[in-house]
Amino acid sequence: MGTTGTVRIGVLDLQGAVSEHLEAVEAAGGAAVPVKRPEQLAGLDGLIIPGGESTTIGRLMEEYGFTEAVPEAAGEGLAVYGTCAGLIVMAREIEDGVPGQPCLGLMDIGVVRNGFGRQVDSFEADLVLKGLPGGPFRGVFIRAPYVKRLGAGVEALADFDGKVVMVRQGRCLATAFHPELTGDPRVHQYFLEMAARAGEGR
Ligand code: GLN
């Protein structure tokens, strides 16, 4: 954490829902910075990989050197949270990806891209999030993936329709839905707490 005690969270600013996450981090009491270059990861407590298009985000991450830099920083204690396309990018295996689609393997999970069916473009559902305070959380799903394989050490925090849609492994968190679109700060607050603890360990 910074000297002021504020948790510093970067939002990967290559493509996708960046400004919504910056606002959600601030609303949850953190300091948010858009991240366009790997050098900017230094000094952060956490990084959010936003939703968007996982093939595009993955390709741009490769081009700018993030595919090496993010796992390296995560190894040194950076907390990482991926939403939707971000969840896909964090996985070890992608089903229904495009050939050669980059993924970081930050979490020991296998995901199904567009796992709720291409025809079901988007929907909302009330979710029960394990370990988070308060009542149901409104999940906004947009061409969402789900988590099909969970390795040892991966905890399922929410499911919908028999499919796992929120997972945590150590300092990594991922949701198939978009909390940055709901105005409910609880998931971002949860991530900020993870990131604050990750910072303490460094
Ligand atoms: N289906 C998109 C992908 O494969 C993810 C959609 C999203 O992030 N809202 O990247």
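What follows is calculated from the coordinates using simple rules that are stated; it is not laboratory data. The model shown is predicted, which means the values in this text are computed figures rather than measured ones. Note that we place each Cβ from the backbone using ideal geometry, even for glycine, and neighbour counts take in every protein chain shown.
Can you compute the helix-only [θ] at 222 nm over the chain? Use -39500 (n - 2.57) per DSSP H run of at least 4 residues, normalise by all residues, nearest 500 deg cm²/dmol. Walk me through the intermediate numbers first.
On the way: 5 runs with 52 residues, N = 202.
Taking each H run of at least 4 residues, the total per residue is -7500 deg cm²/dmol.
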Separation between Cα centres of segment 125-146 and segment 38-68, rounded to whole Å: 24
Cα lying deepest toward the dipole's positive end in the chain, options Ala42, Phe191, Gly170, charges on Cβ: Gly170
Per-residue Cβ neighbour rank within 10 angstrom, fewest leading, Leu129, Leu78: Leu129, Leu78
Size of charge dipole - the chain - debye, nearest 20, with Cβ of Lys, Arg +1 and Asp, Glu -1, no other charges: 260
Neighbourhood net charge (15 Å Cβ-Cβ; Lys/Arg +1, Asp/Glu -1) for Val167: +3
Per-pair calculated FRET efficiency, R0 = 22 Å: Arg197 and Glu63 via Cβ, rounded to 0.05: 0.10
